[in-house]
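Peer 1: Provided herewith is a single structure, encoded as structure tokens, for subsequent inquiry.
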Ligand SMILES: Cc1cc2nc3c(=O)[nH]c(=O)nc-3n(C[C@H](O)[C@H](O)[C@H](O)COP(=O)(O)OP(=O)(O)OC[C@H]3O[C@@H](n4cnc5c(N)ncnc54)[C@H](O)[C@@H]3O)c2cc1C
Ligand SMILES: Nc1ncnc2c1ncn2[C@@H]1O[C@H](COP(=O)(O)O)[C@@H](O)[C@H]1O
């Protein structure tokens with residue numbers, strides 16, 4: 001009862017970045033419990049190979065189900081797959097990413113197994129041989145430590161909290177038979193709004209603009225900074241600029257937008273209202289650029305520059321280009 | 001068409017959250033309670049569907065303390081027809097709440113079961129799919145567009161960098177996200193009418209929880225952050241420190 005099961009999330013037949021984070025979290029937990037990491041995926045033909053690569057992140061046994069019907073999210077089949085594995089093996093914990101899909105799927109599995117679920121966890125420990133998690137509540141204004149009364153303990157992990165770590169698992173690949181029927185909830189393939197656009201909630205670096213940007217036409221300034229920071233960087237926005245129609249709602253960070261927790265968060269012309277902080281305060285490194293030294297964003301920032309963003313940002317972009325260009 | 005909407009009583013989003021000395025919860029003195037903001041989208045959607053079809057019943061359901069009557073009256077003032085209060089202090093454990101709601105819903109007749117996507121106090125985001133699973137119903141979460149026809153519904157849900165469409169046979173469970181509609185304000189007439197609408201109260205015994213709150217704490221105040229400098233001249237120093245010290249470049 002020390003093995004841990006992780007959900008390998010796919011989009012189409014591609015593994016999503018959060019899958020590696022989930023396996024990394026599972027590996028960490030399994031190491032403390034002295035167990036193995038199992039991974040499960042339900043995807044279209046050919047997807048199993050890709051999932052098998054999770055052996056490099058510590059997966060010991062990899063269960064994959066393939067079917068033409070599994071090209072899109074298939075919650076009914078997934079719940080059957082989890083139930084089957086949970087009946088076969090005795091898991092200490094089952095981990096999901098707190099992605100759009102993970103947050104839809106995990107409660108279904110929890111209810112099917114009749115076990116408790118902790119959502120969006122930001123920390124994971126073992127106490128007296130049992131998993132104990134930390135999760136934000138009240139829009140990150142408080143943190144709760146949560147234990148589980150029975151195993152398996154179900155949890156979804158906040159994106160970007162568990163940075164993928166390579167670790168060699170034994171990687172035994174087994175095929176799983178999962179019925180595509182019956183289907184209660186029929187989901188169509190994801191339609192991406194802009195091809196290849198990274199979602200702010202999953203980016204490992206975020207550059208957010210606020211009302212200080214002064215208008216929708218100035219965003220090329222931030223796009224250049226995003227570009228300089230390289231792949232994995234996405235744009236974010238405060239609610240003020242979303243309400244003004246300068247940026248789409250999908251980019252809004254905060255209590256009524258997305259919760260982000262990137263490795264680097266750059267707040268440009270954002271005052272740092274409590275509702276904005278609610279969406280980004282767990283970021284690893286926070287940088288603030290604001291002309292007002294009293295702006296509350298400086299209270300949570302690790303590094304700040306006081307000044308006019310229209311002067312600071314181009315200079316910073318240039319300097320970052322230099323550093324990254326020099327093999328950084 | 002009968003629609004049941006689940007609404008939760010939660011502290012207003014502007015609440016200053018202070019954890020109590022024993023770390024078992026938050027200090028509720030002076031806290032203003034409201035209908036969970038996401039549940040307002042659910043109530044609005046239910047009323048709109050009833051209005052469009054010119055028939056049907058909208059019932060608001062809450063698991064909460066006696067005071068939650070206030071939030072149910074709010075839903076009635078917006079336009080719900082009747083309400084049910086399952087009286088108990090709702091636990092943080094999502095599965096316990098889902099089981100309790102499902103036990104009440106099991107004997108009821110409905111075509112659509114609407115929820116908010118998330119309660120803004122515990123931020124669990126788990127009750128709707130759990131209720132669906134317990135009742136054996138189809139379910140779509142975080143829905144920004146909903147089309148209800150006879151016997152079926154099509155929902156559009158937000159996912160990273162796009163959306164996906166979900167087909168559901170009725171009865172079904174849907175959880176709502178901002179963008180679905182603009183919740184109406186209850187007018188005086190609605191508020192007066194709400195006082196006379198039927199509201200049933202039932203005491204319930206909660207089952208044992210599947211998760212246990214061990215302790216709560218407030219986020220660490222501030223950081224060891226510092227102002228690197230002023231104006232564009234500070235940019236090279238910031239870049240250097242991000243590279244060498246923070247190692248994020
Ligand atoms: C229920 C509720 C939910 C909310 N949810 C959210 C949410 O999810 N996300 C969110 O962000 N907000 C949310 N808000 C709104 C929040 O309270 C703030 O109003 C909002 O975050 C302010 O956005 P801002 O920082 O861009 O604008 P402002 O507060 O106007 O700040 C602009 C900043 O730009 C600086 N500035 C101006 N010009 C320059 C310049 N040339 N160079 C450098 N700096 C400059 C100013 O000094 C100022 O600090 C919510 C509010 C409520 C009531
Ligand atoms: N105590 C409750 N009473 C009624 N509905 C609830 C309750 N708790 C949660 N819900 C519903 O479930 C949704 C999601 O809540 P949660 O999973 O707790 O974040 C809420 O938006 C409500 O619609």
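Every number in this text was worked out from the coordinates using simple rules, so none of it is lab data. Just so you know, these numbers come straight off a predicted model, no measurement behind them. Using ideal geometry, Cβ is built from the backbone for each residue, glycine included, and neighbour counts are taken over all protein chains shown.
Peer 1: Based on alpha-carbon centroids, what's the gap between region A:142-169 and region B:28-100 in Å, whole number please?
Peer 2: Cα centroid of region A:142-169 versus Cα centroid of region B:28-100: 32 Å apart.
Peer 1: Further, regarding this structure: Once the cut-off is 33 Å, how many percent of the Cα-Cα pairs in chain A end up in the long-distance tail?
Peer 2: On the way: 16898 of 53628 pairs.
In whole percent, the long-distance tail amounts to 32.
Peer 1: Determine the equivalent ellipsoid of chain B by diagonalising the alpha-carbon gyration tensor, then write out the semi-axes as square roots of 5 times the eigenvalues, largest first, rounded to whole Å.
Peer 2: Details: eigenvalues 286, 111, 72 Å².
Taking √(5λ) for each Cα gyration eigenvalue gives 38, 24, 19 Å.
Peer 1: Could you work out how far helix A:75-88 tilts from the main Cα principal axis of chain A, as a 0 to 90 degree angle to the nearest 10?
Peer 2: Between helix and principal axis, roughly 50 degrees.
Peer 1: May I ask for the angle, rounded to the nearest 10°, between helix B:94-105 and the longest principal axis of chain B, with both axes built from Cα atoms and the value confined to 0 to 90°?
Peer 2: Compared with the principal axis, the helix lies near 10 degrees.
Peer 1: Could I ask something else about it? If you take the square roots of the eigenvalues of the alpha-carbon gyration tensor of region A:200-324 and sort them as a ≥ b ≥ c, do you get rounded (a/c under 1.5), prolate (a/b over b/c) or oblate?
Peer 2: Numbers: a/c = 1.21, a/b = 1.17, b/c = 1.04.
It is rounded, given that a/c, with a ≥ b ≥ c, falls under 1.5.
Peer 1: Here is a further query. So what is the relative contact order for region A:200-324, in percent, with contacts set as C-alpha pairs under 8 Å and at least six apart?
Peer 2: Working: 267 pairs, mean separation 32.2, N = 125.
Reported as a whole number, the value is 26 percent.
Peer 1: Follow-up question, since we're still on this one. Quick check: Cα centre of region B:176-249 to Cα centre of region A:269-326, how many Å?
Peer 2: Using only Cα atoms, the two centres lie 20 Å from each other.
Peer 1: What's the average, rounded to a whole number, of partner chain beta-carbon atoms within 10 Å of each residue's beta-carbon in A:291-303? Display every interim value, and only then the final one.
Peer 2: Working: counts 2, 0, 2, 0, 0, 0, 1, 5, 4, 6, 6, 10, 14.
That works out to 4 on average.
Peer 1: Right, here's the next one. Relative to the longest principal Cα axis of chain A, at what angle does helix A:17-33 sit, 0 to 90 degrees, rounded to 10?
Peer 2: Relative to chain A, helix A:17-33 is tipped by roughly 60 degrees.
Peer 1: Right, something else. Just counting partner chain Cβ atoms within 10 Å, what average do the residues of peptide A:181-192 show around their Cβ? Write down the numbers at each step before the final one.
Peer 2: Working: counts 0, 0, 3, 9, 14, 8, 9, 7, 3, 8, 7, 5.
The per-residue average across the peptide is 6.
Peer 1: Can I ask one more? Which ordering of A:122, B:28 is given by a fewest-first count of other beta-carbon atoms within 10 Å? Mind dumping the intermediate values first?
Peer 2: Details: A:122 18, B:28 11.
Ascending number of Cβ neighbours within 10 Å: B:28, A:122.
Peer 1: Here's a follow-up. Which of B:197, B:247, A:197, A:141 comes first, and how do the rest follow, when ranked by fewest Cβ neighbours within 10 Å? Numbers along the way, then the final one.
Peer 2: Working: B:197 18, B:247 10, A:197 15, A:141 22.
Lowest to highest Cβ neighbour count: B:247, A:197, B:197, A:141.
Peer 1: Using a 10 Å cut-off around each Cβ of peptide A:93-105, what is the average number of partner chain Cβ atoms that fall inside? Display every interim value, and only then the final one.
Peer 2: Numbers: counts 0, 0, 0, 0, 0, 1, 2, 10, 5, 0, 8, 12, 2.
The per-residue average across the peptide is 3.
Peer 1: Next question, about the same structure. How compact and how long is the protein assembly as shown, expressed as Rg and Dmax of its alpha-carbon atoms in Å?
Peer 2: 23.7, 73
Peer 1: On to the next question. Of the candidates B:67, B:226, B:208, which one comes out as most mobile in a Gaussian network treatment of chain B with C-alpha springs shorter than 10 Å?
Peer 2: B:226
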